[in-house]
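Here the structure is laid out as structure tokens; the discussion comes afterwards.
The values are calculated or read from the model by the stated rules, or taken from the named source; none is laboratory data. Remember, predicted model here, so these are calculated numbers, not experimental data. Every residue, glycine among them, receives a Cβ derived from its backbone with ideal geometry; neighbour counts consider all protein chains shown.
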Amino acid sequence: MRNIKMIIEYDGSRYKGWQRLQGGESTIQGKLEDVISQMVKAPTEIIGSGRTDAGAHARNQVANFSTSSDMSLKDMQDYINHYLPQDIVVKRLEEMEARFHSRYNAKGKQYIYQIWNSKIPSAFQRKYSYYVPDELRLEEMRKAADKLLGSHDFKAFSSVKKSNKSTVRNITAIDIVKEKEMLVISITGDGFLYNMVRIIVGTLLEIGLGHKDSGYIDEIFKSGKRMEAGFTVPPQGLFLQEVYYR
């Protein structure tokens, strides 16, 4: 059997997220599995590096699948992209060793969140950013972001229900950059809990809007309670930017 790694770009606007769902709802994994199963003439399961939320996007999602097909990688890529909807694109295929697993072998991820920060909304960016018309205190947001770096229990920054799994994660970088009207928050870490990035961004926005100061982060960690953290920003501004491997 061959083990094929895919790098995938998608606009998640009209999908129910990455993971295939029961009942035939439209998902990224479901679309890919349907096309690839048809291509290799056998039911084929795709393993993704992780889930993305309904309405969220990816520039470099990683997934892999096993097949006995002898098609060339170029022919596979041409076939998949021909039959996929135009808002999902396989950017690259690579043949990997048998033990490569896109989820278990991932060592880190980078997400970015886009905020359209202007008095005037954008007709074109509305699907790919969250609109915030008010002026933001960027330096206070950066001070708060520094407090999130390192290894912490991020339970309060997630929508995880009760679980026996660890909620400790290590955030290695948070960058907040504004170019003209677009504010981009980039978050890199070894892994992320459900809704963690969107809650972190919502918390930073509450600080940026002057509702809280940077010391708010310490209070959230101390409480460990979801209700103490900021709101969950909507999904359309969220992009899975990179998945890191050794």
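Could you pull out the residue among Glu9, Glu33 that is among the acidic types (Asp, Glu), assigned to a helix (DSSP H, G or I) and surrounded by 14 or more Cβ atoms within 10 Å (Cβ to Cβ)?
On inspection, the qualifying residue turns out to be Glu33.
Within the range 203-219, is even one residue under 25 Å from Tyr10 (Cβ atoms), part of a loop (DSSP other than H, G, I, E, B) and at pLDDT 95 or above? Among the residues of the range 203-219, not one is under 25 Å from Tyr10 (Cβ atoms), part of a loop (DSSP other than H, G, I, E, B) and at pLDDT 95 or above, which makes the answer no. Please determine whether any residue of the range 162-183 is in contact with a Phe, Trp or Tyr (Cβ under 7 Å, 6 or more places away or on another chain) and under 19 Å from Lys212 (Cα atoms). No, the range 162-183 has no match at all. Taken as a whole, the condition of being of a type in the set (A, V, I, L, M) and exposed (fewer than 12 other Cβ atoms within 10 Å of the Cβ) applies to Ala123. With the condition kept exactly as written, say whether any residue in the range 147-157 is among the hydroxyl-bearing types (Ser, Thr, Tyr) and out of contact with any Asp or Glu (no Cβ under 8 Å at 6 or more places or on another chain). Yes: the range 147-157 contains one or more residues that are among the hydroxyl-bearing types (Ser, Thr, Tyr) and out of contact with any Asp or Glu (no Cβ under 8 Å at 6 or more places or on another chain).
Conditions tested, residue by residue: (1) buried (at least 16 other Cβ atoms within 10 Å of the Cβ); (2) closer than 29 Å to Gly237 by Cβ; (3) of a type in the set (Phe, Trp, Tyr).
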| position | (1), (2), (3) |
| --- | --- |
| Asn3 | yes, no, no |
| Glu45 | no, no, no |
| Val62 | yes, yes, no |
| Asp87 | no, yes, no |
| Val90 | yes, yes, no |
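Residues in the range 192-202 that are assigned to a helix (DSSP H, G or I) and either at pLDDT below 95 or at positive phi (or both): none. Taking the criterion of being in a loop (DSSP other than H, G, I, E, B) and either outside the structural domain of Ile8 (by TED's automatic domain parsing) or buried (at least 17 other Cβ atoms within 10 Å of the Cβ) (or both), the only residue of the range 70-85 that qualifies is Leu84.
In the range 39-69, how many are among the charged types (D, E, K, R) and in contact with a Pro (Cβ under 8 Å, 6 or more places away or on another chain)? Qualifying residue count, the range 39-69: 1. Cβ-Cβ distance below 6 Å, separation of 6 or more or different chains: which pairs start in the range 47-58 with a residue that is on the phi > 0 side of the Ramachandran plot and end on one that is part of a loop (DSSP other than H, G, I, E, B)? Within 6 Å, the pairs are Gly55/Gly12.
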